[in-house]
1. Those residues that are touching a helix residue (DSSP H, G or I) at 6+ places or on another chain (Cβ under 9 Å) and either of a type in the set (S, T, Y) or part of a strand (DSSP E or B) (or both), I need them from segment 435-452; list them, please.
2. Only one residue in N76, N127, N36, N89 is open to solvent by 10 Å² or more (accessible area, probe 1.4 Å) and under 19 Å from the mean Cα position of the chain (by Cα), so which one is that?
3. Kindly list, by first and then second residue, each pair from a residue in segment 656-673 that is more than 21 Å from G302 (Cβ to Cβ) to a residue that is at pLDDT 95 or above and aromatic (F, W, Y), limited to pairs with Cβ atoms under 8 Å and residues at least 6 apart or on different chains.
4. Is it true that some residue in segment 101-111 is more than 27 Å from D403 (Cβ to Cβ), out of contact with any Gly (no Cβ under 9 Å at 6 or more places or on another chain) and either at pLDDT below 95 or open to solvent by 40 Å² or more (accessible area, probe 1.4 Å) (or both)?
5. In segment 551-580, how many are within 17 Å of L601 (Cα to Cα) and open to solvent by 30 Å² or more (accessible area, probe 1.4 Å)?
6. Select from segment 353-368 the residues that are surrounded by 17 or more Cβ atoms within 10 Å (Cβ to Cβ), in contact with a helix residue (DSSP H, G or I) (Cβ under 9 Å, 6 or more places away or on another chain), touching a residue at least 40 places away in the same chain (Cβ under 8 Å) and of a type outside the set (A, V, I, L, M, F, W, C) and list them in ascending order.
7. Name the residue that is nearest to P232 (Cα to Cα), counting only residues in segment 479-518 that are surrounded by fewer than 19 Cβ atoms within 10 Å (Cβ to Cβ) and of a type in the set (D, E, K, R).
8. For segment 141-158, how many residues are open to solvent by 30 Å² or more (accessible area, probe 1.4 Å) and either farther than 21 Å from G454 by Cβ or not small (G, A, S) (or both)?
Amino acid sequence: MIRKYIYGTPFETEAVTRHIDSETSAPAYGSISTENGFAFTYTMDDDDIIYGLGEANRGINKRGYCYISDCADDPNHTEDKRSLYGAHNFLIVSGKQSFGLFFDYPAKLTFDIGYTRMDTLRVSCENADLTLYVFDGDTPDGIVKQFRSIIGHSYIPPKFAFGFGQSRWGYKTREDFEKVAQGYRQNHIPLDMIYMDIDYMDSYKDFTLSSEFKDFPEFVREMKNQNIRLIPIIDAGVKIEDGYDVYEEGVKNRYFCQREDGSDFVAAVWPGDTHFPDVLNPEARKWFGDKYRFLTEQGIEGFWNDMNEPAIFYSPEGLEEAKEMARRFSETGTGRWDESTSETDGEEAVGLWQLNDKLGSLANSAEDYRRFYHNTGSQRIRHDKVHNLYGFNMTRAAGEAFDRIDPDRRFLMFSRSSYIGMHRYGGIWTGDNQSWWSHLLLNLKMLPSLNMCGFLYIGADLGGFGSDTTRDLLLRFLALGVFTPLMRNHAALGTREQECYQFENTEDFRHVIGVRYRLLPYLYSEYMKAALNDDMYFRPLAFVYPEDEMASRIEDQLMLGSEIMIAPVCEQNGKGRYVYLPEEMKFIKFLPDGTIYEEVLEKGVHYVDIALNEVPLFIRAGRCIPVADAAECVDEISMDTLRMIGYKGAEYVLYDDDGVHKDYDLAKNCRTLKF
């Protein structure tokens, strides 16, 4: 049962695609207050588990901390952070009473889940203008199915996008990309994509190319002849520069976000001073989306959208305020770290603490998000009231444009910032993580939560984006990335070079990434079935084994599809790990010599050895999965020589299609394989 409750005058986010009649009675769970904003309060049972919130910090069970939906450009994902790049306001209470909640509210929303009081769930926001959806259900899995049924099908990428991709901020020239392609191909490490970060552009201007790419269509063809796609980045900010057509068209047609006085808002990002396309305006969204043609007409088949929270380094207004505070500190400051209340010549003195706080808050400041407005066509609304929708609508602009550019073809698209609803237009990567072991584990825990919110095409920067990775960390990251739909190695400018051929014993990387291609028939099949059936690709163990109390405690193992469980090693110097099996399973290891180790393990706790160059998985009792021969790109995978592993006598329903077009007929594209 799905119930809808409307409070105040909500902004229409378009997260929900199915009409639900609104209720006049109060929700069956918790209590609602609309005094001084909005608050939902529920007293949790001691054993209640809280699932959901998509891309959020900490664990699969969200209980015990405070999370804030407020899309944030913050690369330092330490445990104390409450906001990350996405805003995914869906959660599940699983216990004696099980139900789901979706708070359709596009501004800052706080989830206090046993943080202030251990037994209290409190969801609150500044304005009582939102829509609340309540889902009754017996199981978390069933509640997710109900939620997914009202928000629309998940995005489906082309099949090549399930291959391995290499990226680095700092590839600038054609020779840089050719070197990467050569490094992978000469070492026979599989590769399908090389990503183009901001340096491919002319002065960081969207929909331009630097002088290094004089015959870009020929270069795209050259790479594709090696079965490698180039995937360029698109940023949210449009550079202010006379003669730049995107800027001039946007100004002429009033397609940019504006200040209260009607002037175009200015924010500094990578190109310097920029304007933000008003992607909440349908006309501006169409205009910006059609700009992707500049690259699709040159052979590009995929993109990644970045800096679309939107990220702001500073605004002219914020900079002037900081300069004024610095002047006051210089002339009247006490030199102390406290806030002085003394005055000199009528001006309040500025302390070091105040000045340091102001300078540190120039980027992505709440004040700047209150300085500009959107024109949706039906209303004018201040950005902070709809902040969490910007990344969603930037990616929507591209997705809608792709349907105009080539309606039968799939394009690769994923984004950094997102809101529920964007899952229909693209996937996400989990942003600028670090080369930390804790971020490997954090990535694992985000996966099922994102699936609950409709995001299936997901993955992290393998090896870590910031900081210097290590050989063992990269291999362990890759061993998890084997299973994530988006599998990409990405690193920041100034960090250690972490292309797989940069390390000793490259055969280990060849093998681990190669396992991805051997498993791709299964992974692609499970992805497509999940997308077409509004289902999950990754699940917590408790979703599959609801009667098993131990399964509800496990946070570093996941179910993938209907047949397998994954349990990656997430510790430095780990030689293996303990695993809990809720039932008998077959322990599988893909060994470096190409063979597959198999061992039946009984229900219970086991320690399993897993070397750095091995990829483990567990096949459920009575199940089997298909495995392909080794290949160096997706196009080379043979579907005619599949072998089955798992339990003899089992069957597997394989989904496969051409991977290019949108013919998603399950009956036509499925066949049964017997072992």
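The values are calculated or read from the model by the stated rules, or taken from the named source; none is laboratory data. Remember, it's a predicted structure, so these values are computed and weren't measured experimentally. Using ideal geometry, Cβ is built from the backbone for each residue, glycine included, and neighbour counts are taken over all protein chains shown. Ligands, DNA and RNA are stripped out before the accessible areas are found, and what is left, the full protein with its side chains, is counted by its heavy atoms. Shrake-Rupley method; radii C 1.70, N 1.55, O 1.52, S 1.80 Å.
1. Listed by number, the list holds a single entry, S435.
2. N76 is the lone residue from the list that is open to solvent by 10 Å² or more (accessible area, probe 1.4 Å) and under 19 Å from the mean Cα position of the chain (by Cα).
3. That search, which allows pairs on different chains as well, returns L666/Y655; N669/Y655; C670/Y655; T672/Y652; L673/Y652.
4. yes
5. 1
6. Matches in segment 353-368: S365, D368.
7. Among them, the one singled out is E497.
8. Total meeting the criteria: 4.
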